[in-house]
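A.B. asks: If you scroll down you'll find the structure; I have some questions about it.
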Amino acid sequence: MTKTIENFLRYVTVDTQSQENSDTIPSTMKQHDLAGLLVEELKAMGACDITYDRKHCYVYATIPASCGCEKGPVLGFIAHMDTSPAVTGAGVSPRIVERYDGGDIVLNEKEGIVMRAADFPELSGYQGQDLIVTDGTTLLGADDKAGVAEIMAMADYLLHNPQCRHGKIRIAFTPDEEVGDGAEYFDVKLFGADFAYTVDGGALGELEYESFNAAGAVLHVYGRSVHPGSAKGKMKNAILIAQEFQSLLPVFENPMYTEKYEGFFHLDSISGNVEEVTADYIIRDHDRALFEQKKETFLRCRDFLNQKYGQGTVKVDMRDSYYNMSEVLKDHMHLVENAASAMEELGIEPKISPIRGGTDGARLSFMGLPCPNLCTGGENFHGKYEYACVQSMEAVTKLLIRIAEKYAGYEG
């Protein structure tokens, strides 16, 4: 078993699930469990300049440049330690399905949990390869412990193979990416890289330098509860008004009906009663102008309902989360070109596409650290049907090493 897979199987058993709406970073203290483990492993392998931000749970380290490559640019690799709040990350029990035959995969015979090939057609592309799966009761954590494992395996290789030419490499592991705060306390100056890659994508070959423009919006609807037997002309049902708000949004600008560069409004959660309802939305679009239009549409829906039901009935708290990193990366396309070239040299077909989600790199790019996103070899993130391909993960580790070699003495 390779170092990459050994790392991964060890890391996924550490529960690092982050938590929405926390007022701390990290949002869960258990993320420190993996951070501390990584610090000890970095020390053991001989990494330098190890910094552990014990307050906010960031880990930084250096792989010194090989002899003769000290004057090249400083290249960074970044992955996040937390896993999604969507499905529990406690008690992860990974299993390797060797030489997958293309059929259904029984994850948990006792519970009757099966990953059906008909439901996940991309599985057919993995026939003959080894897949790491869950027992169907948790997520796996490939997002992004696959990235963590691959970066750590790369670091170990470079530190113990001085014949491999590379410049100074900085690596970092972040908390809370899944809840949008992974870059909040990232110290770009301390990190000291000229540019970097996040290793936080999916299937082998994915290479992303475009992301959504993103905002979060909390909808508050205030009603009036009256006994239903005498409610005529008096009751104002916050639940129905919230439903009406949703009905005003464009029907097909919904994640269920969108792909590629198409943006959306996504109702993520809703709770409440006749008196008061709170609903969480995310708003996304790759095009900045369309993004601004979507936010304006959202607010017009608020205004319309306030005119209909009275001022103060509907309130909206809205905040931009991040912007399309291509605005920054269009001036640093060598990062994309060199990654694509490295893939081709390793027999990997580059699949350049926009990110339909978030990554630390989106915010880091606007913080002065140009940062496209690389694949990890995982699939079906954020759910119990998540899996990772052994061969893909091993190929990603080789890809990171090859990219590091390309920047040995790189002059742009």
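A.B. asks: When you look at Gly383, is it assigned to a loop (DSSP other than H, G, I, E, B) and in contact with a helix residue (DSSP H, G or I) (Cβ under 9 Å, 6 or more places away or on another chain), yes or no? If you could, list the steps in order and put the result at the bottom.
C.D. replies: Numbers: assigned to a loop (DSSP other than H, G, I, E, B): yes; in contact with a helix residue (DSSP H, G or I) (Cβ under 9 Å, 6 or more places away or on another chain): no.
Taking the combined requirement at face value, the residue does not satisfy it.
A.B. asks: Look through segment 79-104, keep the residues that are touching a residue at least 40 places away in the same chain (Cβ under 8 Å) and touching a helix residue (DSSP H, G or I) at 6+ places or on another chain (Cβ under 6 Å), and return whichever of them is farthest from Leu34 (Cα to Cα).
C.D. replies: Here the residue is Pro94.
A.B. asks: Only residues that are assigned to a strand (DSSP E or B), of a type in the set (A, V, I, L, M) and either farther than 20 Å from Arg10 by Cβ or not assigned by TED's automatic domain parsing to the domain that holds Asp176 (or both): list them for segment 79-115, please.
C.D. replies: Ile105, Val106, Leu107, Ile113, Val114, Met115
A.B. asks: Looking at (1) farther than 18 Å from Leu299 by Cβ; (2) outside the structural domain of Pro175 (by TED's automatic domain parsing); (3) not small (Gly, Ala, Ser), which one does Gln246 not meet, given that it meets all the others?
C.D. replies: (1)
A.B. asks: Still on this structure, I have one more. Filter segment 245-287 down to residues that are part of a strand (DSSP E or B), of a type in the set (Asp, Glu) and farther than 26 Å from Ile352 by Cβ, then give me how many there are.
C.D. replies: Going through segment 245-287 one residue at a time, the tally reaches 3.
A.B. asks: If you don't mind, another one. For Glu253, are the conditions met, namely being modelled with pLDDT of 95 or more, closer than 30 Å to Val336 by Cβ, acidic (Asp, Glu) and buried (at least 21 other Cβ atoms within 10 Å of the Cβ)? Outline the logic, then answer.
C.D. replies: Numbers: modelled with pLDDT of 95 or more: yes; closer than 30 Å to Val336 by Cβ: yes; acidic (Asp, Glu): yes; buried (at least 21 other Cβ atoms within 10 Å of the Cβ): no.
Considered against the rule, which asks whether it is modelled with pLDDT of 95 or more, closer than 30 Å to Val336 by Cβ, acidic (Asp, Glu) and buried (at least 21 other Cβ atoms within 10 Å of the Cβ), Glu253 comes out as no.
A.B. asks: Which one of the conditions (1) surrounded by fewer than 17 Cβ atoms within 10 Å (Cβ to Cβ); (2) farther than 30 Å from Gly201 by Cα does Met333 fail to meet, given that it meets all the rest?
C.D. replies: Checking Met333 against (1) surrounded by fewer than 17 Cβ atoms within 10 Å (Cβ to Cβ); (2) farther than 30 Å from Gly201 by Cα, the one that fails is (2).
A.B. asks: Among the residues of segment 196-209, which ones are closer than 10 Å to Gly76 by Cα and either touching a helix residue (DSSP H, G or I) at 6+ places or on another chain (Cβ under 6 Å) or not aromatic (Phe, Trp, Tyr) (or both)?
C.D. replies: Within segment 196-209, Ala196, Thr198 meet the criteria.
A.B. asks: Next question, about the same structure. Can you find a residue that is surrounded by fewer than 16 Cβ atoms within 10 Å (Cβ to Cβ), among the hydroxyl-bearing types (Ser, Thr, Tyr) and modelled with pLDDT of 95 or more anywhere in segment 82-99?
C.D. replies: Yes: one or more hits.
A.B. asks: How do the pairs read when you match residues in segment 17-44 that are free of Cβ contacts under 8 Å to residues at least 24 places away in the same chain and at negative phi with residues anywhere that are hydrophobic (A, V, I, L, M, F, W, C) and part of a loop (DSSP other than H, G, I, E, B), using Cβ under 6 Å and keeping only pairs 6 or more apart or on different chains?
C.D. replies: Within 6 Å, the pairs are Asp33/Val14.
The values are calculated or read from the model by the stated rules, or taken from the named source; none is laboratory data. This one's a predicted model, so the numbers in the text were calculated from it and none came from an experiment. Positions of Cβ are backbone-derived with ideal geometry, glycine not excepted, and every protein chain shown enters the neighbour counts.
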